[in-house]
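The values are calculated or read from the model by the stated rules, or taken from the named source; none is laboratory data. Remember, predicted model here, so these are calculated numbers, not experimental data. Virtual Cβ from ideal backbone geometry, glycine too; neighbours counted across all protein chains shown. What goes into the accessible areas is simple: the full protein's heavy atoms, side chains included, and nothing from ligands, DNA or RNA. Shrake-Rupley method; radii C 1.70, N 1.55, O 1.52, S 1.80 Å.
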Amino acid sequence: MSEDTVTPVVTPAVVPVAAYEPPYYAVIFTSVRTPGDDGYTETAERMGQLVREIPGFLGEDAARTEGGLGITVAYFRDLAGIERWRADAEHRAAKERGRANWYERYTLHIARVEHSRAFERTPGSAPATQGSATQAPVPHAPDAPAPVRLPSNS
């Protein structure tokens, strides 16, 4: 590669986790970090790889405010998947390190998702007016029953 060659930096598109056919579960982790990194970034990346290996894992959404509040929502098909993730030895070690080094405070909530919807604007379309939006189909995990269309007023 010559010095004049520029390699473009590709930023992944921001896309929320799909609206799966309920029921499924959401694990909501809210946190306030301590200053510094101290290995946090590498461990977070490893945990992201590891959780994808858990049967029943559907995906995760994460965000951090400028004020420092972090929110991660991980979605699982069933409680057994959440338990496998909780019991994973590498994940348990990361949680211990998090309490010792990375977090001022955190909370964890587990909720059953009873209703799920999605919306996606068609590329090139104008913003929708009230009543004219279309909903994306609700995907389902391979081990889940086929999607059921919900009434439009729900």
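Apply the Karplus curve 6.51 cos²θ - 1.76 cosθ + 1.60, θ = phi - 60°, to the phi angles in segment 84-92 and return the couplings in whole Hz, x for Gly and Pro.
In residue order, the calculated couplings are 4, 5, 4, 8, 4, 4, 5, 5, 4 Hz.
For 85, 102, give the ranking by accessible area with the largest first, probe 1.4 Å.
These residues rank, largest area first, as 85, 102.
Would you kindly state how much longer the chain becomes between residue 49 and residue 96 on full extension, computed as 0.36 nm times their sequence separation minus their alpha carbon distance, in nm to one decimal?
Extra length from residue 49 to residue 96 when fully extended: 15.1 nm.
Counting only residues 5 or more places away or on other chains, whose amide H sits under 5 Å from the amide H of residue 34 once H atoms are built in the peptide plane?
103, 104
Which ³J(HN,Hα) values in Hz, rounded to whole numbers, follow from the phi angles of segment 23-34 under the Karplus curve 6.51 cos²θ - 1.76 cosθ + 1.60, where θ = phi - 60° and Gly and Pro get x?
Using θ = phi - 60°, the values come out as x, 8, 10, 10, 9, 9, 10, 10, 8, 10, 7, 7 Hz.
Obtain the nm distance between the two label points defined at residue 126 and residue 107 by a simple spin-label model: each point lies 7 Å from its Cα along the Cα-to-C-beta direction.
In this crude spin-label approximation the distance works out to 4.3 nm.
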